[in-house]
1. Within the set of other residues whose C-beta is less than 14 Å from the C-beta of A22, count the net charge using Lys and Arg as +1 and Asp and Glu as -1.
2. Order of 376-386, 440-450 by packing, highest average Cβ count within 10 Å first?
3. Report the gain in length on full extension from E44 to T399: 0.36 nm times residue separation, minus Cα-Cα distance, nm rounded to one decimal.
4. For segment 142-217, what is the charge dipole size about the Cα centre, in debye to the nearest 20, if Lys and Arg each add +1 at the Cβ and Asp and Glu each add -1 at the Cβ?
5. Suppose R0 equals 30 Å; then what is the FRET efficiency for K430 and H193 from their Cβ-Cβ distance, rounded to the nearest 0.05?
6. Give, as a single signed number, the net charge of other residues whose beta carbon lies under 10 Å from the beta carbon of N205, with Lys and Arg counted +1 and Asp and Glu -1.
Amino acid sequence: MRSSPPTLALDTSLLKPGMRLAVGLSGGADSVALLCALVDRSRELGLVLHAAHLHHGLRGEEADADLTFSRELASNLGIPFHEARVDTAAEARRTPMAPAPTDHSDLPADSIEGTARRLRYAWFRQLLRDTPLDAVATAHTLDDQAETVLAKFLRGAWTEGLSGIHPVLALSEGPIVRPLLATTRKEIEAFLHARNQPWREDSTNRHLTFTRNRIRHELLPLLENWNPQLRGHLVQMAQLARDEESWWQSEIARIASSIILRGRPVRGGGRASTTAEGLALDITRLLAEPDAIQRRILRHAASLLQFSPSFEATEALRTLALTGRAGQKLELAQGLRAERTHRELRLAPGPSSVDKAATSEPTRYECVVPGVLDAPSFGYRFRLDFHPASSYSGKIPPTAVLRCWKPGDRVNLRYSSGPRKIKEVLERMKVTGQDRAAWPVLEVDGRILWMRGAELDPDPAIRITAEPIPAQRPVHNVNASSASADLSR
């Protein structure tokens, strides 16, 4: 008796009868399997299928062969084929302060990876606008979901980041749907082998210069030695985070209506209704809420002004609200300004910290180690001390310098195989524009030991504790002998 061919677990709830659906077809196993599975069920599901391939201008003849393969596959399946070409390397070079190399090989790996993704989704949006399509389907799998959640966790994501890849990405032009999120890569390859369907292999998927590849080929297999069910747990975490975020959004909108006040008070009572003057939070009502809601409300208020504060920045805002004095101010790196009054915490857009050079606030601070370094311009206080029996014992004490990064600076990221350019790290963190120019680093004896938002290899000799502080008048750095704070890292 002949066995029936294997099928793929498609999330058909994302698909509607009559839907005109373009499948993002790279030529790789995942996208080939998705297209074939949808063709098999197109009549049953009532789908009108198209295939869409974007040539990124990378990998030379290999990429040309991917395009030819994808075009022929669509032709054999009798499906309309859409194609386009972009110059990913040229687009990546347009990043501010990036060098202008002759080819993409010396550009940061994550810059290329991120730029390629941005261009791909921009083209999908163009297709949805210009072609009679209802949606685009991408072949993200369960393995992609696990890798994404782990990558977000390593970068210090909030709960929304841990929600990973969403089954539907709602865009103004139309949705991007992911019907294969419950399917593993092994199941996909078994499906293709069973029908003798070839696919293309992207040689760069083995390059460990890309963060995702290192997670896929090194970190996840290592962690699965501890827990073989890790991928499934990461996917469950994403589901929980999505559901919790969905609930939080409606809950925060309800709570915020009684805490967030638009504009500034005006004479005669009332408030200015525009957000040009910012908004305010009622201190009494804010502090009556639990810590979790306080953070959510502060981030929600900042988002209304088109800002997305980091955890450190959010905690600095909470500190200002909790213990700040009337008249005390704080400016965050992104340009969000906060001011404490007797009853309110006022938020408003303002110049980024990069503009502080025109003010009396310094953007370079120095401190002899051991010591305490206060840096109001950057919103941090640093406590520096030596580890017992460090290599500096008996030597001239080094000087710690807090400054804005500069081209050519390199850091040793924790768990990284070697030094990385700060420019590359900032691109991976998606820090752009003026924020990037003012990004702070702490240097000791020519080596950068701390960088905002990044986890660096700890120095065996020096302990560093960084804590956010509200902006205030510069204070004199004091000797560590007069500081009693915990210096553990």
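Any read-out appearing in this document is the output of simple, stated calculations on the displayed coordinates, not a laboratory observation. Predicted model, so just to flag it, every value in this text is computed and none were measured. Cβ coordinates were reconstructed from backbone atoms using ideal geometry, including for glycine residues, and neighbour counts include every protein chain displayed.
1. +1
2. Packing order, densest peptide first, comes out as 376-386, 440-450.
3. Difference between extended and current length: 120.7 nm.
4. 240
5. That pair, K430 with H193, gives E of 0.20.
6. +1
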